[in-house]
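The values are calculated or read from the model by the stated rules, or taken from the named source; none is laboratory data. The model shown is predicted, which means the values in this text are computed figures rather than measured ones. Because the Cβ atoms are built from the backbone with ideal geometry, glycine has one as well, and the counts that use them run over all protein chains shown. When the accessible area is computed, the model is the full protein with side chains, heavy atoms only, and any ligands, DNA or RNA have been set aside. Shrake-Rupley method; radii C 1.70, N 1.55, O 1.52, S 1.80 Å.
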Amino acid sequence: MTLLDINGLKTYYRADNGWVRATDDVSLSIDRGETVGLVGESGSGKTTLAKSIIRLLSDNAEIVDGSINFDGTEVTELSDKELRKQIRWSEISMIPQNAMNGFDPVYTVGQQIVQVIRHHEDGTSKKEARERARSLFDELGIEPDRVDDYPHQFSGGMAQRAMIALALALSPSLVLADEPTTALDVVIQDRILDTIKEMQEELNSAMIMITHDMSVVSETCDRIAVVYGGRIVEIADTETIITNPRHPYTLGLRNAFPDINDDDQELISIPGTPPELVDPGEGCRFAPRCPFAEQECWEETPEAESYGDGHAVECHRADEIDHLQEEAGKKETWTEQDLGRPEDSQSDQPEEVMLDD
Amino acid sequence: MGLRAYVVRRVLQLIVTFWAFFTILFVLFRMMPGDPTSMFIMDGMTPEQREQRIAELGLNEPLHVQYVEYARQLLRGDFGQSFIYRDPVIDIIAVRFMNTIVLMGTALLFAYLIGITFGAIMGWWRDSRFERGGIIVTLVARSSPEFWVGIVLLSVFVFWLGWFPSSGMRTTGGELGGNFAARYGSVDFLRHLFLPALTGAIAYLATPTLLMRSTMLDVLNADFIEIKKAEGLPERTVLFKHAARNSVLPLVTVMAIATGSAMGGSVVIETVFNWPGMGREMVNAVNNNDYPLAMAAFFLMGSVVIIMNFVADLAYVYLDPRVEYE
Amino acid sequence: MSTERTSPTDRTETDGGTLEFIRSKLEIFEGDRLGQIGLGILCSFILIGIFARPYTIDFLNLTIPGLAPHDPAERAVGGRLESPSGAHPLGTTHMGRDVLSQLIAGTRVTLIVGSLAAFMAVFIGTNVGLISAYFGGWVDDVLMRITDIVYGVPFLPFAIVLVAILGSSIVNIIVAIVLILWRSTARVIRAQVLSHKQRPYVESAQAIGASHTRIMYRHILPNVLPLTFLYAAFAVAWAVIAEASLSFLGFGDPNMLSWGEMIYNVYTANAIREAWWWVFPPGICIMLFVMSVFFIGRTLEKEVNPELQHQ
């Protein structure tokens with residue numbers, strides 16, 4: 001059953017030299033209890049996409065087109081007040097990258113959990129809310145008495161658990177997790193991911209897991225959407241993305257991260273930087289970095305092509321999958337490629353600048 | 001280091017600062033030109049009487065003896081006798097000190113209340129017309145010396161509109177007598193208090209406003225602000241309970257420095273409005289070579305500043321749970 | 001010494017022309033309306049201050065006329081307490097002196113006090129901060145305790161007492177201001193130097209055996225110089241305010257009439273109620289002057305602290 005249905009979403013930022021198309025014509029739907037991973041480099045627009053869902057955008061950002069339907073409610077049409085009452089935290093909550101900074105340092109963690117519970121549930125007394133915070137802590141493996149501690153008194157892993165407690169305090173139907181484990185060391189990472197999974201299954205919450213780390217999504221997600229240049233360039237179930245991807249960018253990303261099962265694998269990174277998203281114009285946005293780019297790729301933006309079972313790819317050469325997969329496994333394909341477009345059409349290619357998100 | 005050790009260290013530091021300040025004070029006033037005894041001669045004293053008087057005051061002793069003696073007196077709360085008033089300094093200064101504290105306390109209170117609110121809103125609505133205008137207004141206020149603000153207010157509200165009395169603390173006089181309630185507990189007093197207090201408030205508004213604004217800008221970038229918004233809390237709650245609450249911390253430290261400038265400012269404001277306080281008394285005492293009185297006033301002003309610095313440090317530790325005790 | 005913007009590495013002097021150098025400095029005022037206004041006001045005051053009084057060059061037998069129409073100290077150039085007229089655009093004082101002339105002549109005092117006091121205060125403050133942070137240990141302890149003590153001394157009362165002791169002259173006023181004003185620069189520079197001390201370029205300088213003085217003044221100082229300039233701007237403002245307040249209280253230099261002293265004269269002449277033309281011009285001038293310095297300071301601040309830039 002569909003929980004969230006995003007259709008043709010365009011979220012742009014105003015910049016001095018035009019609109020930065022951080023999310024450009026993105027469609028995505030998520031079922032109840034499902035976990036979807038958004039994978040891409042920083043600056044790809046994945047965070048903007050997630051924040052658009054609760055409209056937590058900075059002042060210079062605007063949802064210019066598209067719809068976000070959450071459980072029958074059109075989020076883009078809600079007033080600020082309705083948004084705060086009906087959607088934020090009660091239905092959709094967040095786990096930030098660095099939990100330590102996610103808590104207000106001058107209040108105890110317990111006070112902050114109690115505050116959000118009581119804000120959304122009129123009848124709940126302070127005492128009841130506090131009891132709930134304590135039992136959440138207990139479930140997440142934190143000593144319940146630590147609700148009275150200040151954020152800085154927690155270790156990184158514990159703070160992340162406390163943040164999960166805060167995120168799940170109102171049993172939301174969707175959790176946006178923005179690189180929830182990047183700041184932690186590897187051993188703790190796995191444990192936190194397990195905890196998130198357990199709790200999520202218990203509450204039957206859906207989750208959007210934003211990360212640049214292929215191994216994180218492959219462990220936790222049902223489906224994976226690969227985001228590049230403000231667009232979802234490939235989406236499929238986790239198995240397909242890992243074993244049978246069709247987009248060159250996905251192939252590249254897979255190369256760049258260690259495969260747990262393959263010790264001898266050589267890591268290959270994708271050369272170049274993410275594209276500048278100010279009025280990008282026609283053509284595939286990955287073309288400047290793509291070892292397989294052809295004339296067509298520079299001139300025409302690829303449409304999403306379906307390959308069955310919810311597998312969709314935006315690439316002109318997705319049909320030549322066998323050849324691409326073989327070539328992409330070789331290091332020289334990525335290192336020896338001739339970056340840049342063919343001579344005849346070198347006119348209006350924007351300079352490559354890192355967009356910080 | 002634990003909290004207790006920190007406090008102990010800070011108290012020791014306080015004592016050293018006081019001692020150093022006292023020494024500066026002593027040296028300064030012994031350098032003062034003009035014969036402090038000239039006044040006695042003018043009164044038609046014979047040279048013998050004058051010698052006797054100097055001996056009474058201990059002015060013929062060697063400097064180090066005088067230093068120790070003066071320190072001993074201060075510790076007893078004895079500031080000596082005023083040359084002009086011929087009364088114990090403590091009697092003269094106590095009431096005036098209270099008058100100054102009431103005036104400058106009110107001024108600082110308003111400066112901080114207005115400044116914090118103003119600065120918080122300016123930071124919240126950054127890049128708005130309100131923010132830009134606010135910055136200009138604060139900078140203009142900051143550019144105006146206290147006496148200039150006072151003169152403008154006097155000209156507008158007293159000379160032109162005639163809404164407030166121009167000087168003093170009470171229409172009926174008797175500003176230095178009576179108990180606390182009798183002195184400060186009347187509408188007439190509040191009418192006299194308004195303009196000088198407003199002068200101080202305007203003069204000291206800029207620091208809290210601008211500092212509040214800039215720390216707000218920092219705090220608003222913090223992740224937790226985004227989380228609080230995502231939690232669906234109303235803007236007002238995020239602004240005041242979280243953003244402003246975090247931004248207020250650095251202001252506590254500046255509060256002490258503001259008290260310092262307010263002590264200095266009292267000298268000017270009290271002169272403009274003829275406020276019977278310690279600052280104005282100090283100017284008079286300096287002009288009349290009345291050392292004991294001037295010294296006492298100076299000592300009290302410095303003490304207020306030093307103690308405020310101390311209080312601010314401790315308050316900071318209390319307000320910010322993250323603070324390490326160095 | 002170069003005043004290029006902060007760079008985390010050591011710098012070498014460039015041989016750019018002076019004009020080019022000034023132009024590169026002025027670039028930070030581009031698109032900053034307040035900064036431009038401040039710069040404009042300040043430049044006007046500087047020009048007025050320089051040409052306030054006539055210059056006589058004896059051997060050329062030449063006199064450059066001053067801007068002030070009358071000798072500010074000359075009595076009865078007009079009637080007593082005359083309101084503004086064609087002959088006296090800002091009226092006259094109770095002694096019949098020309099207010100406009102006094103105002104123009106007073107600019108000079110403000111400029112002298114502002115620039116000298118600020119320079120000296122920032123000079124002392126920067127050195128104290130630099131030495132304190134660089135050497136650390138007991139040197140740091142001693143210097144910072146001294147700074148703490150100076151923070152305990154109320155500025156204006158101290159200046160009053162000192163000027164009363166040393167006598168009301170412009171030099172003594174500047175000394176009194178400087179003795180207090182260095183404290184804020186010292187603290188800020190110390191904090192900044194502490195952070196620079198950790199950087200690789202200092203370590204590498206130490207590794208090749210550069211002397212302490214060399215590391216401090218050739219390597220670290222250029223990097224904290226922008227902050228020094230910012231504090232110099234603030235110091236100018238505070239010095240001018242302090243001088244005005246001292247003069248207003250009657251401790252000004254009797255031989256050099258300043259704006260603050262003009263207002264003191266209004267007070268002592270008991271003319272504050274009627275002679276608005278005598279009170280407001282000096283007050284407005286003080287405000288404008290200090291304001292211009294703060295506006296410029298704001299521009300410098302953005303340069304020093306780029307996080308403020310998005311405003």
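For the stretch B:126-159, which positions are more than 18 Å from B:LEU205 (Cβ to Cβ) and in contact with a helix residue (DSSP H, G or I) (Cβ under 9 Å, 6 or more places away or on another chain)? Within the stretch B:126-159, B:ARG126, B:SER128, B:LEU154, B:SER155, B:VAL158, B:PHE159 meet the criteria.
Here A:ASP122 meets the list (1) at pLDDT below 90; (2) within 13 Å of another protein chain (Cβ to nearest Cβ) almost entirely, failing just condition (2). Restricting attention to the stretch B:214-241, the residues being open to solvent by less than 10 Å² (accessible area, probe 1.4 Å) and of a type in the set (D, E, K, R) number 2.
Among the residues of the stretch A:114-126, is any touching a helix residue (DSSP H, G or I) at 6+ places or on another chain (Cβ under 6 Å), open to solvent by less than 10 Å² (accessible area, probe 1.4 Å) and closer than 27 Å to A:ASP194 by Cβ? Taking every residue of the stretch A:114-126 in turn, at least one turns out to be touching a helix residue (DSSP H, G or I) at 6+ places or on another chain (Cβ under 6 Å), open to solvent by less than 10 Å² (accessible area, probe 1.4 Å) and closer than 27 Å to A:ASP194 by Cβ. Any idea which residue in the stretch A:13-40 is farthest from A:ALA225 (Cα to Cα), counting only those that are open to solvent by less than 20 Å² (accessible area, probe 1.4 Å) and over 14 Å from the mean Cα position of the chain (by Cα)? Among residues in the stretch A:13-40 that are open to solvent by less than 20 Å² (accessible area, probe 1.4 Å) and over 14 Å from the mean Cα position of the chain (by Cα), the one farthest from A:ALA225 (Cα to Cα) is A:VAL20. Across the stretch C:283-293, which residue is surrounded by the fewest Cβ atoms within 10 Å (Cβ to Cβ) among those that are in contact (Cβ under 8 Å) with a residue 12 or more places away in the chain and within 9 Å of another protein chain (Cβ to nearest Cβ)? Here the answer is C:LEU288.
Residue count for the stretch B:142-181 under the criterion of being modelled with pLDDT of 65 or more, among the aliphatic types (A, V, I, L, M) and either outside the structural domain of B:ILE269 (by TED's automatic domain parsing) or in a loop (DSSP other than H, G, I, E, B) (or both): the result is 2. Within the stretch A:144-155, at least one residue is in contact (Cβ under 8 Å) with a residue 40 or more places away in the chain and either away from chain B (no Cβ under 11 Å) or within 22 Å of A:GLY33 (Cα to Cα) (or both).
When C:LEU227 is tested against the conditions (1) under 30 Å from C:GLU30 (Cα atoms); (2) out of contact with any Asp or Glu (no Cβ under 8 Å at 6 or more places or on another chain); (3) surrounded by fewer than 20 Cβ atoms within 10 Å (Cβ to Cβ); (4) modelled with pLDDT under 85, the lone failure is (3). Picking from residues in the stretch C:147-174 that are in contact (Cβ under 8 Å) with a residue 12 or more places away in the chain and over 16 Å from B:PHE299 (Cα atoms), the one that is surrounded by the fewest Cβ atoms within 10 Å (Cβ to Cβ) is C:SER169.
Kindly evaluate C:ILE174 against the criterion of being farther than 29 Å from C:ARG108 by Cβ and aliphatic (A, V, I, L, M). No: the conditions fail for C:ILE174. Restricting the stretch C:1-52 to residues that are open to solvent by less than 80 Å² (accessible area, probe 1.4 Å) and charged (D, E, K, R), which is modelled with the highest pLDDT? The qualifying residue modelled with the highest pLDDT is C:ASP32.
So that you can scan it fast, the table gives a plain yes or no per residue for (1) open to solvent by 10 Å² or more (accessible area, probe 1.4 Å); (2) closer than 19 Å to C:VAL163 by Cα; (3) within 11 Å of chain B (Cβ to nearest Cβ); (4) of a type in the set (S, T, N, Q):
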| residue | (1), (2), (3), (4) |
| --- | --- |
| C:LEU246 | no, yes, yes, no |
| C:LEU249 | yes, yes, yes, no |
| C:PRO254 | yes, yes, no, no |
| C:ILE272 | yes, no, yes, no |
| C:ARG298 | yes, no, yes, no |
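Only residues that are part of a helix (DSSP H, G or I) and open to solvent by 70 Å² or more (accessible area, probe 1.4 Å): list them for the stretch A:296-316, please. The answer is A:GLU296, A:GLU299. Taking the condition away from chain B (no Cβ under 14 Å) and part of a helix (DSSP H, G or I), does C:VAL150 pass? Against the criterion (away from chain B (no Cβ under 14 Å) and part of a helix (DSSP H, G or I)), C:VAL150 does not qualify. Among the residues of the stretch B:134-159, those that are open to solvent by 30 Å² or more (accessible area, probe 1.4 Å) and either touching a strand residue (DSSP E or B) at 6+ places or on another chain (Cβ under 8 Å) or more than 10 Å from chain C (Cβ to nearest Cβ) (or both) comprise B:VAL137, B:VAL156, B:PHE157. Among the residues making up the stretch A:85-119, those that are in a helix (DSSP H, G or I), facing chain B (nearest Cβ under 8 Å) and of a type in the set (Val, Ile, Thr) are A:ILE87, A:VAL116. In this entry, B:VAL252 is excluded by the filter for residues that are under 19 Å from the mean Cα position of the chain (by Cα) and within 12 Å of chain C (Cβ to nearest Cβ). Out of A:VAL64, A:VAL26, I need the residue that is part of a strand (DSSP E or B) and touching a Phe, Trp or Tyr at 6+ places or on another chain (Cβ under 7 Å). Which one? Step by step, each of A:VAL64, A:VAL26 is checked, and only A:VAL64 is part of a strand (DSSP E or B) and touching a Phe, Trp or Tyr at 6+ places or on another chain (Cβ under 7 Å). Being within 24 Å of B:ALA222 (Cα to Cα) and either more than 9 Å from chain B (Cβ to nearest Cβ) or surrounded by fewer than 16 Cβ atoms within 10 Å (Cβ to Cβ) (or both) is the requirement here; does A:GLY45 meet it? Yes; evaluated as a whole, the condition is true for this residue. Scanning the stretch A:328-357 for residues that are modelled with pLDDT of 55 or more, part of a helix (DSSP H, G or I) and open to solvent by 50 Å² or more (accessible area, probe 1.4 Å) yields A:LYS331, A:GLU332, A:THR335. Looking at C:ALA233, C:ALA205, can you tell me which residue is away from every other protein chain (no Cβ under 14 Å) and either of a type in the set (D, E, K, R) or open to solvent by less than 20 Å² (accessible area, probe 1.4 Å) (or both)? Among C:ALA233, C:ALA205, only C:ALA205 is away from every other protein chain (no Cβ under 14 Å) and either of a type in the set (D, E, K, R) or open to solvent by less than 20 Å² (accessible area, probe 1.4 Å) (or both). Among the residues here, B:PHE130 does not qualify as more than 8 Å from chain C (Cβ to nearest Cβ), aromatic (Phe, Trp, Tyr) and within 21 Å of B:TYR184 (Cβ to Cβ). Check whether at least one residue in the stretch B:278-291 is more than 14 Å from chain C (Cβ to nearest Cβ) and either buried (at least 24 other Cβ atoms within 10 Å of the Cβ) or at pLDDT 85 or above (or both), and report yes or no. Looking for residues that are more than 14 Å from chain C (Cβ to nearest Cβ) and either buried (at least 24 other Cβ atoms within 10 Å of the Cβ) or at pLDDT 85 or above (or both), one finds none in the stretch B:278-291, hence no.
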